[in-house]
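Here is the structure we will look at.
The values are calculated or read from the model by the stated rules, or taken from the named source; none is laboratory data. Quick caveat, the model's predicted, so the values are computed rather than measured. Cβ sites come from the backbone with ideal geometry, for glycine too, and all protein chains shown count toward neighbours. These area figures cover heavy atoms from the full protein model, side chains too; ligands, DNA and RNA do not enter into them. Shrake-Rupley method; radii C 1.70, N 1.55, O 1.52, S 1.80 Å.
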Amino acid sequence: MSRFIACVLIAITPVLAIAGDWSQFKGPNGSGVSTDKNLPTEWSKDKGIKWKTPLPARGVSSPVVAANKVYITCSSGVRDDRLHVLCFDATTGKQLWHRQLQGTGGTACHPKTCMASNTPVADETGVYALFATADLAAFDADGTLRWYRSLVGDYPTITNQVGMASSPVLVKDRLIVPMDNAGESFIAAVDTKYGKNLWKVERPRDINWVTPLVREVQGKTEVLFSGANGLIAYDAANGDKRWSYKSGVGSIPTAALDGDALYLPVAGVSKVKLSESGVVGEPEWKTAGLQNGMSSPLVYGGRVYAANGQGFISCGDAKTGKQLYKERVKGAFSASPIAGDGKVYCFTETGICTVLKADSDEFEILATNDLGEEIMGTPAIANGLIFIRTDKAVYAIGK
């Protein structure tokens, strides 16, 4: 089933693991919200930067932080088939290790993206990296390759001519791998120790860039995954379908889960209530003005935030859906808004971050910060710092 073919460049530097708290796309269960305090408000190329470390190649995936390590993926080469996984010390920015793989799948994609588009997921034991070539690798915290799979080798029809970007998530001892594409589509739970399928469920052959969410309910763990046929909740233990919701169609943005409320990025944002058996009744509200584009909505402090490719930042009341404001800034958004310490951070593709006051019904800007480098991936918040990956470097912003 698995093909263990990898070209790995070895340069191991062992380090001790400490706590970290932004281990997947958009942080804790994809919420985009940190509980850290004293987060930075102002920075520039010349101030407010704790450390900066250059990257060997481009990537549009997000950084993740676990056990005081920052993990980042990149891709390079004439065909964009040289795949990189890097690990940095979260406190100092020192590069701890750098591994490379040879991509086995197709590399066709939209010019904005690349093969390092899927965000890795990490824990205290190491990191799991999925690439848009459908290559999947697990490394331990010291950089030793634990296992590798060429999913195209296993399932040869996998293809997406504009590029894949759905990111894996962890549920205890299993890695949830979303693989919607124009060929053989599926969602699978992969054993984190050996890389073998624990279960695999067929899905419609359609392009999709949504990342799954995880929900605990009545002693069960559900994996919520939106796609062409709507939202489906899978049992994380065996892949069985627990419930579905046809109006939860997915494409690019990932929904926001807040308690028993789910905020779906469909035609703006709509709020539905969840029970143990799925969506209850009709949406509580639908607000077309909360437009997302490629970024995912954020729920924070009783408000819903959205940022889109036309440079609009929108905010609505999370309880009623009433739109509070919609303002335009310079630039377009691909990164999703993130929040913490009473602030909302919105990053444009050109490297400008608009910092908003979160407990305000007005468009109240606390600061505008410009790194002057491309930012496509959603930044991470951990250990009181904001970790930003640009097309050139990884930054730790804060003290």
Does residue 330 count as open to solvent by 50 Å² or more (accessible area, probe 1.4 Å) and in a loop (DSSP other than H, G, I, E, B)?
-> yes
Among the candidates 60, 121, single out the residue that is among the hydrophobic types (A, V, I, L, M, F, W, C), modelled with pLDDT of 95 or more and open to solvent by less than 10 Å² (accessible area, probe 1.4 Å).
-> 121
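Just give me the residues in the stretch 204-231 being surrounded by fewer than 22 Cβ atoms within 10 Å (Cβ to Cβ) and in contact with a Phe, Trp or Tyr (Cβ under 7 Å, 6 or more places away or on another chain), in sequence order. First the steps, then the outcome.
To start, the set of residues in the stretch 204-231 that are surrounded by fewer than 22 Cβ atoms within 10 Å (Cβ to Cβ) comprises 204-207, 214-221, 228-230.
Residue satisfying the conditions is 230 alone.
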Applying the selection to the stretch 7-27, what residues are at pLDDT below 95, within 25 Å of the chain's Cα centre (by Cα) and of a type outside the set (Val, Ile, Thr)?
-> 17, 19, 20, 21
When residue 316 is run through (1) assigned to a loop (DSSP other than H, G, I, E, B); (2) over 22 Å from the mean Cα position of the chain (by Cα); (3) touching a residue at least 24 places away in the same chain (Cβ under 8 Å), the failure sits at (1)
Which members of the stretch 269-288 meet the condition of being in contact (Cβ under 8 Å) with a residue 24 or more places away in the chain, touching a Gly at 6+ places or on another chain (Cβ under 6 Å) and not aromatic (Phe, Trp, Tyr)?
-> 287
Please work out if residue 350 is hydroxyl-bearing (Ser, Thr, Tyr), assigned to a strand (DSSP E or B) and farther than 19 Å from residue 211 by Cα.
-> no
Which of the following residues is surrounded by fewer than 18 Cβ atoms within 10 Å (Cβ to Cβ) and either under 19 Å from residue 320 (Cβ atoms) or not charged (D, E, K, R) (or both): 273, 241, 246?
-> 273
Among what's in the stretch 24-56 and is under 19 Å from residue 258 (Cβ atoms) and charged (D, E, K, R), pick the residue that is most open to solvent (accessible area, probe 1.4 Å).
-> 36
Qualifying residues in the stretch 28-68 (those that are among the β-branched types (Val, Ile, Thr), outside any strand (DSSP E or B) and within 27 Å of residue 166 (Cα to Cα)) - the one farthest from the chain's Cα centre (by Cα) | 35
Out of (1) of a type in the set (D, E, K, R); (2) outside any loop (DSSP other than H, G, I, E, B); (3) open to solvent by 50 Å² or more (accessible area, probe 1.4 Å), the one residue 193 does not meet is (2)
Residue in the stretch 250-265 that is at pLDDT below 95, touching a Leu at 6+ places or on another chain (Cβ under 9 Å) and surrounded by 16 or more Cβ atoms within 10 Å (Cβ to Cβ) present = yes
Residue check for residue 174: touching a residue at least 40 places away in the same chain (Cβ under 8 Å), open to solvent by 10 Å² or more (accessible area, probe 1.4 Å) and of a type in the set (Lys, Arg) | yes
Pull up the stretch 104-113, narrow it to residues that are open to solvent by 10 Å² or more (accessible area, probe 1.4 Å) and in contact (Cβ under 8 Å) with a residue 40 or more places away in the chain, then point me to the one that is nearest to residue 30 (Cα to Cα).
-> 113
Scan 339, 335, 306 and give me the residue that is under 19 Å from residue 30 (Cβ atoms), touching a residue at least 24 places away in the same chain (Cβ under 8 Å) and part of a loop (DSSP other than H, G, I, E, B).
-> 335
Answer residue from the stretch 348-369, given it is closer than 15 Å to residue 45 by Cβ and touching a Phe, Trp or Tyr at 6+ places or on another chain (Cβ under 9 Å) and is surrounded by the fewest Cβ atoms within 10 Å (Cβ to Cβ) among those | 367
Would you check which residues across the stretch 135-174 are among the hydroxyl-bearing types (Ser, Thr, Tyr), under 29 Å from residue 95 (Cβ atoms), touching an Asp or Glu at 6+ places or on another chain (Cβ under 8 Å) and part of a loop (DSSP other than H, G, I, E, B) and list them?
-> 166
Could you list, in sequence order, all residues of the stretch 353-381 that are touching a Pro at 6+ places or on another chain (Cβ under 9 Å), within 21 Å of residue 122 (Cβ to Cβ) and not in a loop (DSSP other than H, G, I, E, B)?
-> 380
